[in-house]
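Structure first, commentary second.
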Amino acid sequence: MTRREHDGALSDNEGVLRDFDITVAHPARVYNYLLGGKDNFAADREAAEQMIAGGAKVLMGVRANRAFLGRAVRFLAGEAGIRQFLDIGTGLPSVDNTHEVAQAVAPSSRIVYVDNDPIVLSHANALLKSAPSGACQYIQADLRDPRSILDEAAKTLDFGQPVAIMILMTLQYVPDANDPHQIVRTLVDAVPPGSYLAISDVAMDLAADANVKASADKLNEHLTTTRQTIRSLEQIAGFFSGLKMVDPGLVQLPQWRPDAGYAGPAQNVSLSAYCGIGHKS
């Protein structure tokens, strides 16, 4: 079954959308539901509820990840002096999107958003309201095709100047068969010294959350080609190979510079979700 619109919440954008299957959950829309958003379908809501039923600290995790985005971008635009951002797997617009946080610090910041969900495309206008001295662009593309992303992003970003590559809670949806580590290397190789890589992802840390695998299995029952692959902490650390980690290194989401701003509802809770920022020298 295919439709062009959702129960009324998405109908204003139907001219932007192609027909697509609303009976299959998509990670961006599942994440939207978990954040309290309305731009999702019954299949997405069911998948999210099944994740929660799996027992993992899902709700705390997604909110802690959103809080990390704010702290990371404020660090990058502020202390690190970055003025260009490539945000891959951006998801649906929410409060404090990357361009809003970056341009609040430095209005001249330039941001390129990337996602492969047509629903995100339908909301792209909300991601393109740039400060006059900066720029925003949206690319409909898949992380598994990094060269296409780089080619399109080069129309907005100057790859001769430092760029912050942000891949938050997205690499877990790239299977090992697609070599996610090589994908990240391709992206990092394309940016000059002085650039940064920010990553967050769920880890197979059963000591932090014994139910993380059960929740992933529940989610995967509702996904098709885009399925969740939970990696070890060592595998996640491998994405930063060749980069110098910014203090405090690769840590659980609420533990990354909590003094730099809101750390989410899980400040004193152990999560199997990790994050870090690496610097290319």
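Within the range 204-231, can you find the residues that are at pLDDT 80 or above and either under 20 Å from F68 (Cβ atoms) or open to solvent by less than 20 Å² (accessible area, probe 1.4 Å) (or both)?
M204, I230, R231
L187: closer than 15 Å to G61 by Cα and either open to solvent by less than 10 Å² (accessible area, probe 1.4 Å) or modelled with pLDDT of 75 or more (or both), yes or no?
Numbers: closer than 15 Å to G61 by Cα: no; either open to solvent by less than 10 Å² (accessible area, probe 1.4 Å) or modelled with pLDDT of 75 or more (or both): yes.
The answer is no for L187.
Can you run down the residue pairs with Cβ atoms below 7 Å, 6 or more apart or on separate chains, where the first is in the range 19-45 and in contact (Cβ under 8 Å) with a residue 40 or more places away in the chain and the partner is surrounded by fewer than 15 Cβ atoms within 10 Å (Cβ to Cβ) and not in a loop (DSSP other than H, G, I, E, B)?
If the second residue must be surrounded by fewer than 15 Cβ atoms within 10 Å (Cβ to Cβ) and not in a loop (DSSP other than H, G, I, E, B), the pairs left are F20/T2.
Filter the range 170-208 down to the residues that are over 16 Å from the mean Cα position of the chain (by Cα), hydrophobic (A, V, I, L, M, F, W, C) and either over 22 Å from R227 (Cβ atoms) or not in a helix (DSSP H, G or I) (or both) and list them by number.
V188, A190, V191, M204, L206, A207, A208, listed by residue number.
Answer with yes or no whether P107 is in contact with a His (Cβ under 6 Å, 6 or more places away or on another chain) and over 19 Å from G194 (Cβ atoms).
On the way: in contact with a His (Cβ under 6 Å, 6 or more places away or on another chain): no; over 19 Å from G194 (Cβ atoms): yes.
Answer is no for this residue.
Look at the range 145-169 and say how many of its residues are open to solvent by 20 Å² or more (accessible area, probe 1.4 Å), under 23 Å from R227 (Cβ atoms) and over 14 Å from the mean Cα position of the chain (by Cα).
So the answer is 2.
Quick check on my filter: what residues within the range 40-59 are of a type in the set (A, V, I, L, M) and touching a helix residue (DSSP H, G or I) at 6+ places or on another chain (Cβ under 9 Å)?
Taking the range 40-59 and keeping what is of a type in the set (A, V, I, L, M), we get 42-43, 47-48, 51-53, 56, 58-59.
Passing the criteria: A43, A47, A48, M51, I52, A53, A56, V58, L59.
Of the residues L150, L157, L86, which is touching a residue at least 40 places away in the same chain (Cβ under 8 Å), more than 27 Å from V24 (Cβ to Cβ) and in a helix (DSSP H, G or I)?
Values: L157 fails: in a helix (DSSP H, G or I); L86 fails: in a helix (DSSP H, G or I).
Answer to the selection: L150.
The values are calculated or read from the model by the stated rules, or taken from the named source; none is laboratory data. Keep in mind that what you see is a predicted model, and the values were worked out from it rather than measured. Glycine gets a Cβ as well: all are built from the backbone with ideal geometry, and neighbour counts include every protein chain shown. Ligands, DNA and RNA are stripped out before the accessible areas are found, and what is left, the full protein with its side chains, is counted by its heavy atoms. Shrake-Rupley method; radii C 1.70, N 1.55, O 1.52, S 1.80 Å.
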